[in-house]
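**Student:** A single structure is presented below for examination.
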Amino acid sequence: MSILIDGKALAVKMRGELKERVAAYRAERGKDIGLAVVLVGEDPASQVYVRNKIKACEEVGIRSYSYKLPENTSEEQLSSLIEELVAAENVHGILVQLPLPKHLNERKILRLIPPSKDVDGFCAENIGNLAMNRETIVSCTPYGVMKMLEEYKIDPKGKRAVVLGRSNIVGKPMAMLLLNADATVTVCHSKTHDLKEICAQADILVVAIGRAKFVGADMVKEGAVVIDVGMDRDENGKLCGDVDFAAVKDKASYITPVPGGVGPMTITMLLYNTVLAASRS
Ligand code: GUN
């Protein structure tokens, strides 16, 4: 049996530290750290995510400003709200929950958020800074993965890392973070030839493709570190990851469970980024 990477425990520890930093900020500057959370429409998954983000803010003492707008909100209405939040001194981070309803231009909306308040790390400037290994705000999920590796003293330096998935939110920033940490990085995706063979060479395998139990034992090297970013449902409707945990757990040296692995770290890193944004302001 491999060692379980306990994301939940690390999230609890980091939130405790963040709570102290938030209190210190308040004591020093005489004001709260603020995060604006904008949700447009009624997407049920987004509603749950936003609720959890607001709850997490309360837990560490960050003041949240929640904006729930109807599905038929126009681009002008949403833009003017964001512009207000950009100008507001009490708002240090702005999060627009994605996906937006189809009639709204996501790129145009996100471009209104300045890099200094982009606590999701989604904007081109923050991603560009990450690519150049400069000070930036890093996308929450991959940043959480790096914190987990650090906690378990897994140093990517010189290791062969394979990232399965090339999304802008997870796969690409994950690959850049591992590269910045001196790993030798390969990014695989749906068009990759010899996928199994490439994954089976990985010392560190990060999987973020959104396909239930896709990675089996034949794709994992003996002793590999396996990080599962997936949040899927299996054939019985039970929550599972992109990795077939039962099949892989005895082959990996370290593995993240689902739930309780990467998931709890994502929101923690949002809080972390918000504190960082406030401290830099
Ligand atoms: N939708 C799904 N994940 C995320 C996220 O991390 N940030 C935002 N803003 N929207 C999302």
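The values are calculated or read from the model by the stated rules, or taken from the named source; none is laboratory data. On a predicted model such as this, the values are computed, not experimentally measured, just so you know. As a convention, Cβ positions derive from the backbone with ideal geometry for all residues, glycine included, and neighbour counts pool all protein chains shown. Accessible surface is based on the protein model in full, side chains and every heavy atom, while ligands, DNA and RNA are left aside. Shrake-Rupley method; radii C 1.70, N 1.55, O 1.52, S 1.80 Å.
**Student:** From 157, 117, which residue is modelled with pLDDT of 95 or more and open to solvent by 40 Å² or more (accessible area, probe 1.4 Å)?
**Tutor:** Details: 117 fails: open to solvent by 40 Å² or more (accessible area, probe 1.4 Å).
Selected residue: 157, the only one of 157, 117 that is modelled with pLDDT of 95 or more and open to solvent by 40 Å² or more (accessible area, probe 1.4 Å).
**Student:** Filter the stretch 227-262 down to the residues that are surrounded by 24 or more Cβ atoms within 10 Å (Cβ to Cβ), among the small types (Gly, Ala, Ser) and touching a Ser or Thr at 6+ places or on another chain (Cβ under 9 Å) and list them by number.
**Tutor:** 241, 252
**Student:** Within the stretch 103-125, does at least one residue satisfy the condition of being more than 13 Å from the ligand (Cβ to nearest atom), part of a helix (DSSP H, G or I), touching a residue at least 24 places away in the same chain (Cβ under 8 Å) and under 24 Å from residue 227 (Cα atoms)?
**Tutor:** No, because not a single residue in the stretch 103-125 is more than 13 Å from the ligand (Cβ to nearest atom), part of a helix (DSSP H, G or I), touching a residue at least 24 places away in the same chain (Cβ under 8 Å) and under 24 Å from residue 227 (Cα atoms).
**Student:** Looking at 84, 89, 58, 76, which is the one that is within 20 Å of residue 115 (Cα to Cα) and in a helix (DSSP H, G or I)?
**Tutor:** 84
**Student:** Go through the stretch 44-59 and give me each residue that's within 9 Å of the ligand (Cβ to nearest atom), more than 19 Å from residue 92 (Cβ to Cβ) and open to solvent by 10 Å² or more (accessible area, probe 1.4 Å).
**Tutor:** 45, 49
**Student:** Going through 248, 229, 262 one at a time, which residue ends up being modelled with pLDDT of 95 or more and more than 28 Å from residue 58 (Cα to Cα)?
**Tutor:** Going through 248, 229, 262 in turn, just one is modelled with pLDDT of 95 or more and more than 28 Å from residue 58 (Cα to Cα): 248.
**Student:** Also, I was wondering about something else. What number of residues in the stretch 39-48 are under 19 Å from residue 82 (Cβ atoms) and either of a type in the set (Val, Ile, Thr) or part of a helix (DSSP H, G or I) (or both)?
**Tutor:** Number of matching residues: 2.
**Student:** Those residues that are β-branched (Val, Ile, Thr) and either more than 28 Å from residue 129 (Cβ to Cβ) or touching a residue at least 60 places away in the same chain (Cβ under 8 Å) (or both), I need them from the stretch 172-229; list them, please.
**Tutor:** Of everything in the stretch 172-229, those that are β-branched (Val, Ile, Thr) and either more than 28 Å from residue 129 (Cβ to Cβ) or touching a residue at least 60 places away in the same chain (Cβ under 8 Å) (or both) turn out to be 198, 206, 215, 220, 225, 226, 227, 229.
**Student:** Cβ contacts < 7 Å: first residue under 11 Å from residue 229 (Cα atoms), restricted to the stretch 259-270; second residue acidic (Asp, Glu) and buried (at least 24 other Cβ atoms within 10 Å of the Cβ), any location; separation 6+ or different chain. Result?
**Tutor:** What qualifies is 261/228; 262/228.
**Student:** If you don't mind, another one. Are any residues in the stretch 13-38 assigned to a helix (DSSP H, G or I) and either among the small types (Gly, Ala, Ser) or touching a residue at least 40 places away in the same chain (Cβ under 8 Å) (or both), and if so, which ones?
**Tutor:** Across the stretch 13-38, the qualifying residues are 14, 15, 16, 18, 19, 21, 22, 23, 24, 25, 27.
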